[in-house]
Every structure is written in C-alpha cells, then in structure tokens.
Amino acid sequence: MKTDSKAWRIAPPTDTPAWLAALLREIAPDTPADVAPIIADILTRRGIADLDTAARFLDPDAYRPASPYDLPDMEAAVNRLNTVIENGGRVLVWGDFDVDGQTSTALLTAALREMGANVRYYIPQRESEGHGIAIPRLDAFIADGIDLLLTCDTGISAHDAINRATAHGVAVIVTDHHQLPPTLPRAHALLNPQRLPADHPLHTLPGVGCAYKLIEALYASRGQAGRETQFLDLVALGIVADVVVQTGDARYLLQRGLIALRDTARPGLRALYELAGINRALLDEQTIGFQIAPRLNAVGRLADANTSVEFLTTDDDVTARRLANQLEALNNQRRFDTESITDAALAAIDAHPKLLESPALVVARPGWTGGIIGIVANRLVERFRRPVLLLSDDGAGWAHGSARSVPGCDITAAIQRVADEHPDMIDGFGGHTMAAGLRLPAERVPQLRRALGRVVGEMLAAHGEPDALTIDAVIPFSAVTVALADALRLVAPFGAGNPQPVFATLRATQRSTRRIGRTGDHLRLLLSDEAEQMQEILWWRAEPDTLPKGRLDIAYQVGINEFGGERTVQATLIDFRAVDEAPETFSQREALRGADYRHLDATASAEKLSAIRADDVLIWAEGATQPPGAVQRDVLRPARHLVIWSAPPAPDVLSAALETVNPEVVTLFAVSPAVDSLQIFIKRMAGITEYTLNVYDGQASWLALGGAMAHRAEAVRAGMDWLAVRGHIHIDGANENGIMIRRGIGQQIEDRLKPTTSALMGWLAEARAYRAYYQRSDASAVLGIPFQPS
C-alpha cells in the first residue's frame, strides 16, 4: 500500500571488500557478477564490517548463541522447576492470546510434559478477561490446587496477581518480554530480556524466545541438552508474528526455526499448510507473516486461543485436521471483519476530518471487535503515517483500545505519560514501543484524544524529521531478475532490524494499469525505464488517484512468484515520486490522428493493411484471423503507430492496449475474430488448452489466453469452467495472473452443466455487443479521445 511519500535516502554504491567478495563467491557461487555487488552493498550498509560478522549473519552454523544463564534469575527458575517436577508438583502455564503467547504456551506445556511434569495451561479470553493474569480465574486455579505458576508472554507487570499467588503458597516464575514496570513484582524468578543491556544478543527475544531459553537451560540441567531444538518451529512463528527486532539470538533462532518449519512433524501445521496452499519447500518469513500467523491470530481475536495450544501440540491427525478447519473458518471471518471495520473507520475520518489535525489519530466507535481493531490500526498507520488508536465502546461504560505507532514515537511510553499526568483517565494499559492496548471509561475518550495528541506531537518533534525511506540501490528494470531475487535470500530472513531491501528505478514511464483481486483493490502497473525496458509492479491496496501523470521515480521490493512450478520475479511497489519532466501518456493526449477503415470487409482491410509502410508500426490482432507480423495483447509494447486489426471484445481491453502502446497514430480496422459463437469458441478453446498442456505443461496467463481467444479473461475463465465440468480438463489452480490445468478424466459434474453454459454465453453475447458498438460508433467515442482522420 502506497501512502504519502517519505523522503528518500539513496544509498551510494560502496567498494566491495575483497574478503566479502570472496565470501559471497564461496557461499553463492552461482550469483551473477552484476548481482554480487548489490548484495555486498546491502551487507556493508547493515554493519557487516568483517569476515566473522558476515559469517555469523549469513550462516547460523557460524553463530554462537548466548547462554540462557545470561538472563537474570535463570538459575533460580531452573532449580525451582526441577524441584516441582521431581516432587510431582502441579504446574499452571499461563499464556497470552496472540501468536507469541500461543507458541510460548505450547512450547512450555509440551516440554514440561516430556520431562514428566504435571502441567496444565490457560490462555485468557480476549474479550472477557483481556491481557495479563485475571485474578478471578487465577483464584479458581489456586482453589483447584497448583504449586507453581509459570507465565509466558505476560506477567512482568502483574503485581497483584503475583502477590495473590504467593500469598497462597504458589511459587511464580515469569517469562515475559514486555517493557519493565517502574517496580518489578516479587516473583520467585523474573525472566525478561528487557532486564539485559540493549546491545545484548538476547535483548530482542519475544516471549517464545524467552520461554525457549528457559527450556534450553532446563533440558541441559537434566542431562538432555539439545532436546529443545524440537521447538524451533514454534519459536520462528512467534518471532515473526510479534515483529521483534531480528538481531542476535532472535535472528539465529528464526534462521533455525524456518528450516524446522519447512520439515515440521506437527500434524496441525501440516494440515494448515495443506488448507492454505503453502509450499513447505518455499516457506519463509513472509509465509509466516501473511499466511500462518493471521490464522493463529484469528483464534485469539475471535474465539478461544486455548484451541491453538491443542492445535500446535496434538499428535492426532484427525484432531489436527478438525482444528485446522476451525482456524480457516475463523480466518475468513477475520478478513471480513477487518474490511468492515476499516471501511467504518475511514468513513468516520471522512465525516470528521478534524481528527487528522492531531499528531495522533484516535477513532472510537461502539461494537467494534476488540481482536480486530489492532489490525485496522496498523493499516491506518500505513495510510496516514502517524500513531493510531482505535477504541471500541463496549456499551457498559468502557472503551477498549489498540494502538500502533511510527518510528520516533514509543506509543506505550506516550500512554504512560498521559496516565501519569491524568491518574484517573486510564484504567490499564501495556505494550511495546510500536503497539499498545488500553482501557478507559468511554466518557474520557475526548480527553484522551487531546492528551495523547499533545504528547505524541512532542515526541515526534523531539525525534526530528520523519525517517527517510532508504533506497538500497538504483537499478534499471533489466536488473529485476530471478537471479537478483534469489541472491537477496542470502540476506534474509527479513523483518524489523533487517528490513527487506528496497530498489528504485528513476524516470520511469507508466504504460498501463490493470485492477486485480476479487474486489479490484490492487493494481498491476506496467512501466518502462529510460532504456524502454518494461516491468510489471504490483501495488497492493492501491490508491490510483495519487499516481502522477508523467514520469516517476519508483521504489519497490523484489521477490519470487511461484505458480504451477514456474518461478518468476515479482516487484512490489513501496513508494513513488513525481519527476518534473513528464512525457505525455496516452491518457494525457488531447487528440489522436490516424485512419479509420472499420467499414471495410476483411478482404479490403487486408489490401489497406498491405499498403501501410511506416516506421515503428505495431499491428494488434487476436483470435482466428491474424495478419502476418501481428501481436496479441500480452506482447504489446510502446510504439508510435498502432494498427488495431481485430474488433476488441470490451472497452477495458481496448483502453489497456492504448495505454500500453501509447501511440501517436492509430489505424482502425474492425475485422471479426470469428470466435463469438458458442460452438466456435469451445472448439478453439479446446485447441488452446491442448496446446497449453503440450507446450506449457498446463500453465498459462489470462493475458495470453485472452489474446489467443480474442475475449476478456473472464470469458476465458468461463470457458475453462465449461471444459472442466465436462471432464475435459482439471483445474489445479488459478489466481489473478493465470491458471494451471491438467487433462481431465471424462467425469461430468451434472448439476453444473447448464450454469457453465449460461455463464459462457453471457460473456460471448457481451463481446458481440461491444464489437458491434466498436464497428458502428464514432471513432472519438470508441477511443475516448478526439480522433482526427488523416
């Protein structure tokens, strides 16, 4: 999603040290010579100054993890746990409902059970109990009988709950990573990496990382050193989901954990991979962030997160499949709720634009799902580039909120300042530098809005200018290759502390835009650089009205798109800025000149076409009747003179072609592609699918198929469905880019025969109607621009 542009900081190229060049040749000998210096520059700017540092960063085998005993109170925690296990004591693991809390709870519970401990676990309900240790629930466990309370991803500020437990003779060990309170609670042991110096390799561990170090020390104390590595897959999930800074042990554990996740034996995760269509061999940190973590988080946001612990620890395939299906259903609900709340929040901002006058955007509405507003707050931070607090009024006098922030504003510290200045305003809060949650009386929301806006404004002013967008390298589009994307994985995993590199191409020209996605919220931009090299760039949650009309500098990230076994490079937009010198694009033209031969039949049209002898002429033709030298829509390119041979099937197909070619001269024909009747369409469709199976192993793009069939992609998809329900083909997969098919087995789906025919005939009728309109209507109306016949 692109928002208001940041300032850009373009990093100058550096001289690659000989030792670094040699190291890259050793660990990635297939990296092309023009790519290796880019990787070397990125590493150098990330503080890789010597061979040992580089080796530890790139290769987890070369990294030496810190001792668990560097964490204060580790020895006390290990000794107490061993005593409880040996004496048959009862342990309660108390977790939290986000992914970090779920994985921490699962890790501690599974490890302690393997050691023979009598252990139970509990994760509080988000809506009714909230974060932390709910004393009424704790009292129930104490009454039932527990000897040790072991917290994970929570507890560092739970003074009252810890005092309650110790008063009843229950020992308390806290494992947490949240910010330290002014006074630490009186627990038997407090394991928190925040108690270490900021430059310590354990300082950035999340809750699951802290839990892992405890289990590492506990296994070693029992003569089972190394057993803890079976939980590395859980650690990776928590590190990515909690967006911790990936330095020191956090990066090392994530590197190890990703390897473990690709080969996990957990039936729950394997079932999730299958349902979500995750290719385990390609699983990386983005797979966690965009596919796995949202499904786990959906449980904590909308249901009971204790389910996730069973999901992550069960050995039963049937249970795993059942729980995976529950996660999938909850994730679909989360998506719907997220879109609904986002729309409502934006509507509230549109209705009250003065909300944007504050350095902190605070929006409150009744009935919003508490587990979803954090996701929406993060979206609004991206859009409005300021801290955002969304509050849900529960109708009982309380407002529950979730805040997200920007660099330069520690949002939890900001809320702390407000609470210190107004002791009766906020009932409770907690969080990290970039995220926080709080509760307050609903009637105090206007006062909070004013106070938080003032404090955030002061923080941002003290921070100075907003952080600039670092451009790691300026490259031409010809450098955007699979080889570059593969080489970048040397620097991965990416995340906080090691952001994914950003590249820029300067003075690019827009050629076309195409909406994609189920609701058209995303754009596929086609651009060319100064060497006329074309490149597609994806723009998620696009704001097309903000695109400049002429040249632009464009910043993007580079990755791999894997579909149907084929790997292609994928560029994703991060930012853009207008360039002063703007060449004219097609949409900016005031008029177009050329010739209009749409009234001629096919024979006369061919005679006229043979007489066209011009430099830089491009003939666009589709369907069954194509003259020599013609191209289809998927290979159109910029040209001075465009000849439109076939009557297009739809106005959006015509406008996309004009934007891509951006011609000065257009010659219009209207030759029928002869594929608009059902019988002919199906016959040609069958031939195209046979060709696709034989030549391209069943994989094809909608753009190429649309050109071959002379129809919109929607009509082609309808044709594929028609063939599939009759058993001619089987559709293995499809997305907005294309389709993957294989030969069918001849089995028909009876109840879909008529619907597929009706749908296809509808698209064909629509194409016939538009081609008739195209042939008889005024050229200016068809082209959408004044046309001057020459």
* To do: Starting from segment 510-537, take each residue that is over 25 Å from Ser340 (Cα atoms) and list its partners that are in a strand (DSSP E or B) and open to solvent by 70 Å² or more (accessible area, probe 1.4 Å), counting only C-beta distances under 6 angstrom and pairs at least six apart or across chains.
  => Leu526/Glu536
* To do: Among what's in segment 432-479 and is farther than 30 Å from Ile537 by Cα and assigned to a strand (DSSP E or B), pick the residue that is modelled with the lowest pLDDT.
  => Ala435
* Within segment 487-501, tally of residues that are open to solvent by 10 Å² or more (accessible area, probe 1.4 Å) and more than 18 Å from Thr31 (Cα to Cα) -> 6
* To do: Can you run down the residue pairs with Cβ atoms below 8 Å, 6 or more apart or on separate chains, where the first is in segment 393-414 and touching a residue at least 40 places away in the same chain (Cβ under 8 Å) and the partner is part of a strand (DSSP E or B) and of a type in the set (Phe, Trp, Tyr)?
  => Thr412/Phe429
* Asked: Tell me, which strands (runs of 3 or more DSSP E) wholly within segment 337-431 include 2 or more residues that are modelled with pLDDT of 90 or more and surrounded by 23 or more Cβ atoms within 10 Å (Cβ to Cβ)?
  -> 361-366, 388-393, 398-404
* Identify the single condition in (1) farther than 30 Å from Leu23 by Cβ; (2) among the small types (Gly, Ala, Ser); (3) open to solvent by less than 10 Å² (accessible area, probe 1.4 Å) that Gly520 does not satisfy, given that it satisfies every other one. => (3)
* Could you please let me know if Thr183 is among the polar types (S, T, N, Q) and in contact with a Cys (Cβ under 7 Å, 6 or more places away or on another chain)? => no
* Asked: Which condition does Leu330 not pass, out of (1) in contact with a helix residue (DSSP H, G or I) (Cβ under 9 Å, 6 or more places away or on another chain); (2) free of Cβ contacts under 8 Å to residues at least 40 places away in the same chain; (3) surrounded by fewer than 16 Cβ atoms within 10 Å (Cβ to Cβ), if it passes all the others?
  -> (3)
* **strands (runs of 3 or more DSSP E) lying entirely in segment 692-790 (those with 2 or more residues that are open to solvent by less than 70 Å² (accessible area, probe 1.4 Å))** => 699-701, 729-734, 738-743
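Which helices (runs of 4 or more DSSP H) does segment 3-121 wholly contain that include 1 or more residues that are touching a strand residue (DSSP E or B) at 6+ places or on another chain (Cβ under 9 Å)?
36-45, 51-58, 74-86, 99-114
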* Among all residue pairs at least 6 apart or on different chains, which show Cβ distances below 7 Å where the first residue, located in segment 263-279, is touching a residue at least 12 places away in the same chain (Cβ under 8 Å) and open to solvent by less than 40 Å² (accessible area, probe 1.4 Å) and the second is of a type in the set (Ser, Thr, Tyr) and outside any loop (DSSP other than H, G, I, E, B)? -> Ile278/Thr287
* Asked: Could you give every pair whose Cβ atoms fall below 7 Å, whose first residue belongs to segment 160-171 and is touching a residue at least 60 places away in the same chain (Cβ under 8 Å), and whose second residue is part of a helix (DSSP H, G or I) and surrounded by fewer than 22 Cβ atoms within 10 Å (Cβ to Cβ), counting only separations of at least 6 or pairs across chains?
  -> Ala171/Arg80
* Among the residues of segment 172-195, which ones are open to solvent by 20 Å² or more (accessible area, probe 1.4 Å), under 32 Å from the mean Cα position of the chain (by Cα) and touching a residue at least 60 places away in the same chain (Cβ under 8 Å)? -> His178, Gln179
* Taking strands (runs of 3 or more DSSP E) that fall entirely within segment 123-201, which contain at least 1 residues that are touching a Phe, Trp or Tyr at 6+ places or on another chain (Cβ under 9 Å)? -> 148-152
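Any idea which of Ala225, Ala236, Ala211 is of a type in the set (A, V, I, L, M) and either surrounded by fewer than 23 Cβ atoms within 10 Å (Cβ to Cβ) or not in a helix (DSSP H, G or I) (or both)?
Of the residues listed, the single one that is of a type in the set (A, V, I, L, M) and either surrounded by fewer than 23 Cβ atoms within 10 Å (Cβ to Cβ) or not in a helix (DSSP H, G or I) (or both) is Ala225.
The values are calculated or read from the model by the stated rules, or taken from the named source; none is laboratory data. The structure displayed is predicted, hence computed values, not measured ones. Virtual Cβ from ideal backbone geometry, glycine too; neighbours counted across all protein chains shown. Heads up: the accessible areas ignore ligands, DNA and RNA and are worked out on the full protein's heavy atoms, side chains in. Shrake-Rupley method; radii C 1.70, N 1.55, O 1.52, S 1.80 Å.
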